[in-house]
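Enquirer: This is the structure I want to talk about, given as structure tokens.
The values are calculated or read from the model by the stated rules, or taken from the named source; none is laboratory data. Nothing here was measured: the structure is a model prediction, and the numbers come from that model. Don't worry about glycine lacking a Cβ; one is built from the backbone with ideal geometry, like all the others, and counts go over all protein chains shown. These accessible areas exclude ligands, DNA and RNA; they are computed on the full protein's heavy atoms, side chains included. Shrake-Rupley method; radii C 1.70, N 1.55, O 1.52, S 1.80 Å.
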Amino acid sequence: LIRSINDPEHPLTLEELNVVEQVRVKVNDAESTVSVEFTPTIPHCSMATLIGLSIKVKLLRSLPERFKLDVHITPGTHASEHAVNKQLADKERVAAALENTHLLEVVNQCLSARS
Amino acid sequence: GVKDGRWTVLQLVEALGFCLENTDPRTRGRGIQLLSQVLLQCYSLLQEKEVLHLVLFYESRLQDHHLVIPSVLQGLRALSMCEVLSPGLAVSVLKAIFQEVHVQSLLQLDRHTVYSIITNFMSTREEELKGLGANFTFGFIQVMDGEKDPRNLLVAFQIVRDLIAKDYALGPFVEELFEVTSCYFPVDFTPPPNDPHGIQREDLILSLRAVLASTPQFAEFLLPLLIEKLDSELQSAKLDSLQTLTACCAIYGQKELQEFLPSLWSSLRREVFQTASEKIETECLAALHALSACLSRSVLSSDSEDLLDSFLSSILQDCRHHLCEPDMKLVWPSAKLLQAAAGASLRAFHRITCSVLPLLLEQYTKHTQSSQRRTILEMLLGFLELQQKWGHVEEDESTLLSLQAPVCSVVFSALMDPSVQLQLVGIKALTVLGSLQGFLSSSDLELVVDHLIHLALHEEDSQSSEAAMEAAGSMAPTYPKVFSGHMVPRLEEELQSEREDSYQNHHSLQQRCLQALAAVSTHTSIMRETVPVLLQHLQKVQKGTEARNAQDMVSVCQSLHRVALQCQQDAEGCWYFHQTVVPCLLAMAVQAAMQESTHTLPGKALLEEEVLTAMIPVISAATTHLSPELAAQSVSHVVPLFLDGEVSFLPQNSFPSSFQPFGDGECLEAQRRLVALLMAFVCSLPRDVAIPQQEWLLQELLALSCSCNCPFTATTAAKCFAGLVNKHPAGQQLDEILQLAVNRMEPSLAEGPRRAQALTLLLWVTKALMLRYHPLSSCLTDKLLGLLGDTELGPATADGFSLLMAESQDVLHKGCHADVRIMFRQRFFTDNVPKLVQGFHGADPDVKANYLKALSHVLNHLPKPVLVTELPTLLSLLLEALSCSDRVVQLSTLSCLHPLLLEAPQVMSLHVDTLVTKFLNLTSSPIMAVRIAALRCAHALTSLPTTVLLPYKGRVIRALAKPLDDKKRLVRKEAVAARGEWFLLGSPGR
């Protein structure tokens, strides 16, 4: 599902950039949990939050409601790992971010384009 | 007045005298304008003398006030079209124009007039103008210098082209002429929007190119220009330069190119090595090809150096070392450059291959990774394919022949490599080698065959095995002896061997053998060997008792079918196949049917439906391409067999009892099934072959189709009847037969135990008649429409409409010579859909579904463009069909609506409310296919105008959340796509 999301800075998809890999996605159907680890291209990638947000939104839109989502950065691959993880885990902040038209626009661009 | 001859021009001039000599230039201008208009209308009536005076008058007027000039030019144009213009006048007019008029300060229209004057003179007074010598060229150069309007440029370019093509003296003005045209190169012109003149950029480019590439005299100026443009940044300039260069090479020789070759080559090389654009690369290669061809064309004089040789040497020098690095990205560009140069002429090919081929072979052995080997072999293959272009391998000078042994060993090693990709390239290379006459020695060929057999039978990857079979098939016609002598016996052996290893293995091996036998039968002599083997195998399987008998027989039949298709074009092979296979199959079937009727024995599998169905295409394919005489000969055997039990032409024709498929009696059920084989034969005959005892045969078939209890037999009999009726020449006889059929059908349709059979017959006969636009077909269709309201037969009738519209597999299609008119579907649609709609509205609620089903079948088979234009009228009915509970109706309606949503969003948006509701309801249908189709339609809804959709967005997104958790993966996939698209609706960033 998330492999075809576009990178906000490159004309390539997250899969092509090896940001998301199959081994780092864990799905537990019985307990309805999905956990995705993504690896930013460089440790100081300023887009990490945005990529995480895109993945989260895409999953929110594509998975049944019963699933609990957990999107976070692969340990040890980003400078401000905890801060980003905290932002992504916080439901309120994700919802607030999506109220922001500008942010939503960028996210939608990531999600549409190709397909 | 002048036109009718009542007035002479002289009188007119006198009458206008006042105007023409008026001192006010405006009045003078008007006078001349009037005169010119008159002349334009009646220049053909003028006398020689009048013309003389007029010309002199106009010439003197050229010095006049600038306001007058346009009209003067018009008048001269009229005069230039006169046939009676006396010699010398043309020259003097042109001289006057060149001297007195500054053309580029005139308006576009007037400049155009000047060009037309010149064109007119050039087409009628060529000799005189040539007398002017280079002065004419010079004059023209002055005229066109600085021209800007594309319309005029087109004319001017045409004039220049004529100047050059008709050999006018250019004198010292070659460079000027080049300058005045080449300044437009490369053409950069975008036609203004809504341009009424319709001049495209392409027109200008082409006409300019024609000018520039028209003479070798331009070479010394043009080539530097091309090189300069090639080095520029602009894509279009590069493309244009390359194409112009290619065009130039067609007329240039060594002399012109010599000086510029090094820089041309370096530019081309740089482009190919660096460009990201495929188009430029292609053009570069084409240009290189043209250059090399041009150099090869010129005759060598003994003392000068061979330019081709030195040119190719420089290419080789630059490209050769890249070939040694199969992992680097310059490998392919280098190989392509070399191949382009080598493809130009035999001489170039020799020069390049004698250097490159040994290198490639050496590199192949040096590199051991199969991916690298593959790249090298692919390059080698490219060169071998070029060799194919020259056809024969010449004994004395071919480098290829001297390398025969290493090339073969390289290709063979590729075939044995475990990598499938490398194997595939190896097989391709082998095919190319095989097509080079005289390249492979007989011992090599045996090796080739061994390799192919191994690959075809034992290679696990089906891709390689198929490729090997294909290769065998394409090489077989070149070396029929080797293949029939080695490959066929080996395959036969394998086929008959009873190995002890696991059953599964053995079975798949046999399958492969059968496929390979069929694939290799591409030559008549090989086919003569393989067909008996296949038939023998069929007989052996038939006698066996294994459980998968029927399947094995089906695969033998498939192989036979393939052979039949391959030999269709060859009359002799086709007749042999027909003569061998058809009687044999019939004999086996007849024998099996006899045994069946006395006591149960093995061999019964042959009569199973699937086996008989597999035999139909074999017989059909063996029959369709027969010549009429041979077909007539054959038909005189087969038809009596079925009618009279005349078995004498069958091999092994001693049967315990008589063969009477049309006879009465309980025990003849098995024999009746063989009507399928009769159908395959009779219905595939060319239309002009007369069938003996046709009337009797038709009656028997009719009786059988109505009376038989077995659905398979009844259907085949009906199909056979329909196939014959379709080809029956129109006339009284046909009418009688049809009347008979209708009389037979009516009572059984009305009531009784055999209504289904009667319906099948009705459907097939309707189809047969509808295809040939027979008048009775509409009456029969009406009957079918009536049956839709029948509670018992209604659903079957509705399904029958798909039979009417679809392409039939075995009978009644173009391939078996049926009489099929074009557009029969459209015709059926326009004739019957209104009736269907009407019937629907008048029908009882419980049979309404039948009408909808029939309608959706008709719509489904209609070509899409017709559908889109016709559908809006039927839309309300289709929407009703969505709520029908029949899943076939739902599915076909959804598939009708899907293209409509994409192509006619305006019409559909009127019904958006209904559409959304219906689609969402259907996403929870119990049938997976319906859910998928509904989700696709919901997805397609997003192509409607956003404003219409926004009110539904929330609802749709909520509703689509449910199928996201569907238990089928394919449904979930569609749901995700649809829901994602709906989320994006109307939000920013789309």
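Enquirer: Kindly check whether there is at least one residue in the range B:96-107 that is modelled with pLDDT of 80 or more, closer than 21 Å to B:LEU204 by Cβ and open to solvent by 10 Å² or more (accessible area, probe 1.4 Å).
Expert: Looking for residues that are modelled with pLDDT of 80 or more, closer than 21 Å to B:LEU204 by Cβ and open to solvent by 10 Å² or more (accessible area, probe 1.4 Å), one finds at least one in the range B:96-107, hence yes.
Enquirer: Same structure, new question: For the range B:941-959, give me each residue that is closer than 15 Å to B:GLY980 by Cα, without any contact (Cβ under 8 Å) to a residue 40 or more places away in the chain and either hydrophobic (A, V, I, L, M, F, W, C) or in contact with a Ser or Thr (Cβ under 9 Å, 6 or more places away or on another chain) (or both).
Expert: B:LEU949, B:LEU950, B:ILE957, B:ALA959
Enquirer: Looking at B:ALA975, B:ALA933 in this structure, which one is out of contact with any Lys or Arg (no Cβ under 8 Å at 6 or more places or on another chain), in a helix (DSSP H, G or I) and within 14 Å of another protein chain (Cβ to nearest Cβ)?
Expert: Numbers: B:ALA933 fails: within 14 Å of another protein chain (Cβ to nearest Cβ).
None of the other options fit; the residue is B:ALA975.
Enquirer: Next up: If I filter the range B:826-853 down to residues being within 26 Å of B:LEU910 (Cβ to Cβ) and among the hydrophobic types (A, V, I, L, M, F, W, C), which single residue comes out as nearest to the chain's Cα centre (by Cα)?
Expert: That would be B:PHE829.
Enquirer: Here are some conditions: (1) within 19 Å of B:PHE577 (Cβ to Cβ); (2) in contact with a Phe, Trp or Tyr (Cβ under 8 Å, 6 or more places away or on another chain); (3) open to solvent by 60 Å² or more (accessible area, probe 1.4 Å). B:GLU529 meets all but one. Which one does it not meet?
Expert: Among (1) within 19 Å of B:PHE577 (Cβ to Cβ); (2) in contact with a Phe, Trp or Tyr (Cβ under 8 Å, 6 or more places away or on another chain); (3) open to solvent by 60 Å² or more (accessible area, probe 1.4 Å), B:GLU529 violates only (2).
Enquirer: Just the residues that are of a type in the set (D, E, K, R) and not in a loop (DSSP other than H, G, I, E, B), please, taken from the range B:61-75. So that I can check it myself, show each step before the final result.
Expert: Residues of the range B:61-75 of a type in the set (D, E, K, R): B:61, B:64.
Matches in the range B:61-75: B:ARG61 only.
Enquirer: Looking at the structure I just gave you, is B:ALA78 in a helix (DSSP H, G or I), within 30 Å of B:ASP203 (Cα to Cα) and of a type in the set (Gly, Ala, Ser)?
Expert: yes
Enquirer: Report every pair of residues separated by at least 6 positions or lying on different chains whose Cβ atoms are under 8 Å apart, first residue within the range B:774-785 and of a type in the set (Gly, Ala, Ser), second open to solvent by less than 60 Å² (accessible area, probe 1.4 Å).
Expert: So the pair list comes out as B:SER777/B:THR766; B:SER777/B:LEU769; B:SER777/B:MET770.
Enquirer: List, please: which pairs have Cβ atoms under 7 Å, are six or more places apart or on different chains, and start with a residue in the range B:271-291 that is open to solvent by 30 Å² or more (accessible area, probe 1.4 Å) and end with one that is hydroxyl-bearing (Ser, Thr, Tyr)?
Expert: Short answer, once both residue conditions are applied: B:GLU281/B:THR275; B:ALA286/B:THR246.
Enquirer: Is there a residue being surrounded by 18 or more Cβ atoms within 10 Å (Cβ to Cβ), hydrophobic (A, V, I, L, M, F, W, C) and not in a helix (DSSP H, G or I) anywhere in the range B:111-121?
Expert: No - not one qualifying residue is present in the range B:111-121.
Enquirer: Test B:LEU964 against the stated conditions and say whether it is surrounded by 15 or more Cβ atoms within 10 Å (Cβ to Cβ), free of Cβ contacts under 8 Å to residues at least 24 places away in the same chain and in a helix (DSSP H, G or I).
Expert: In short, yes.
Enquirer: Name the residues in the range B:34-59 that are among the hydrophobic types (A, V, I, L, M, F, W, C), under 13 Å from B:CYS82 (Cβ atoms) and in a helix (DSSP H, G or I), would you?
Expert: B:LEU39, B:LEU40, B:CYS42, B:LEU45, B:VAL51, B:LEU52, B:LEU54, B:VAL55
Enquirer: May I ask you to list the residues in the range B:978-989 that are more than 10 Å from chain A (Cβ to nearest Cβ) and buried (at least 17 other Cβ atoms within 10 Å of the Cβ)?
Expert: Those that are more than 10 Å from chain A (Cβ to nearest Cβ) and buried (at least 17 other Cβ atoms within 10 Å of the Cβ): B:ALA978, B:LEU985.
Enquirer: Sort through B:ALA756, B:ALA741 and tell me the only one that's assigned to a helix (DSSP H, G or I) and either touching a Ser or Thr at 6+ places or on another chain (Cβ under 7 Å) or open to solvent by 30 Å² or more (accessible area, probe 1.4 Å) (or both).
Expert: One residue alone meets the criteria, B:ALA756.
Enquirer: Given the criteria more than 28 Å from B:ALA843 (Cα to Cα) and not assigned by the TED database to the domain that holds B:LEU836, does B:ARG887 qualify?
Expert: no
Enquirer: Let me ask another. So which pairs qualify, if the first residue must be in the range A:46-64 and more than 13 Å from chain B (Cβ to nearest Cβ) and open to solvent by 10 Å² or more (accessible area, probe 1.4 Å), the second must be at pLDDT below 75 and assigned to a loop (DSSP other than H, G, I, E, B), the Cβ gap must be under 7 Å, and the two must be at least 6 apart or on different chains?
Expert: As it stands, the answer is A:MET47/A:PRO8; A:MET47/A:GLU9, since those pairs meet every condition given.
Enquirer: Say whether the condition of being part of a helix (DSSP H, G or I) and farther than 19 Å from B:SER314 by Cβ is met by at least one residue in the range B:256-274.
Expert: No, the conditions are met nowhere in the range B:256-274.
Enquirer: Conditions: (1) modelled with pLDDT of 70 or more; (2) open to solvent by 80 Å² or more (accessible area, probe 1.4 Å); (3) of a type outside the set (Lys, Arg); (4) within 24 Å of B:LEU985 (Cα to Cα). A:ALA97 meets all but one. Number of the miss?
Expert: (2)
Enquirer: Shifting gears a bit: Please work out which residue is nearest to the chain's Cα centre (by Cα), limiting yourself to the range B:348-371 and to residues that are surrounded by fewer than 18 Cβ atoms within 10 Å (Cβ to Cβ) and among the charged types (D, E, K, R).
Expert: Only one residue tops the list, namely B:GLU362.
Enquirer: Out of all the residues in the range B:428-466, which are assigned to a helix (DSSP H, G or I), within 21 Å of B:LEU495 (Cβ to Cβ) and open to solvent by 20 Å² or more (accessible area, probe 1.4 Å)?
Expert: B:GLU446, B:ASP450, B:HIS451, B:HIS454, B:HIS458, B:SER462, B:GLU466
Enquirer: Testing B:PRO926 on (1) within 14 Å of another protein chain (Cβ to nearest Cβ); (2) outside any helix (DSSP H, G or I), one condition comes back false. Which one is that?
Expert: (1)
Enquirer: Let me ask something else about it. Taking B:GLY954 as meeting all but one of (1) away from chain A (no Cβ under 11 Å); (2) under 34 Å from the mean Cα position of the chain (by Cα), write down the number of the exception.
Expert: It fails just one condition, (2).
Enquirer: Is it fair to say B:PRO905 is in contact with a Leu (Cβ under 7 Å, 6 or more places away or on another chain), at pLDDT below 80, away from every other protein chain (no Cβ under 14 Å) and open to solvent by 20 Å² or more (accessible area, probe 1.4 Å)?
Expert: yes
Enquirer: Against the definition (in the same structural domain as B:ALA758 (by the TED database) and either at pLDDT below 80 or among the acidic types (Asp, Glu) (or both)), how does B:ASN653 come out, yes or no?
Expert: no
Enquirer: Ok, one more. Which residues, counting only those in the range B:225-243, are under 17 Å from B:LEU261 (Cβ atoms) and in a helix (DSSP H, G or I)? Steps first, answer last, please.
Expert: Let us first name the residues in the range B:225-243 that are under 17 Å from B:LEU261 (Cβ atoms), namely B:225-228, B:230-231, B:241-242.
Once the filter is applied, which keeps residues that are under 17 Å from B:LEU261 (Cβ atoms) and in a helix (DSSP H, G or I), the range B:225-243 yields B:LEU225, B:LEU226, B:ILE227, B:GLU228, B:LEU230, B:SER241, B:LEU242.
Enquirer: With respect to the numbered conditions (1) hydroxyl-bearing (Ser, Thr, Tyr); (2) outside any helix (DSSP H, G or I); (3) surrounded by fewer than 17 Cβ atoms within 10 Å (Cβ to Cβ), which one is the sole condition not fulfilled by B:THR830?
Expert: Answer for B:THR830: the failing condition is (2).
Enquirer: Restricting the range B:194-243 to residues that are within 20 Å of B:GLU278 (Cβ to Cβ) and of a type in the set (Ser, Thr, Tyr), which is modelled with the highest pLDDT?
Expert: My answer is B:SER241.
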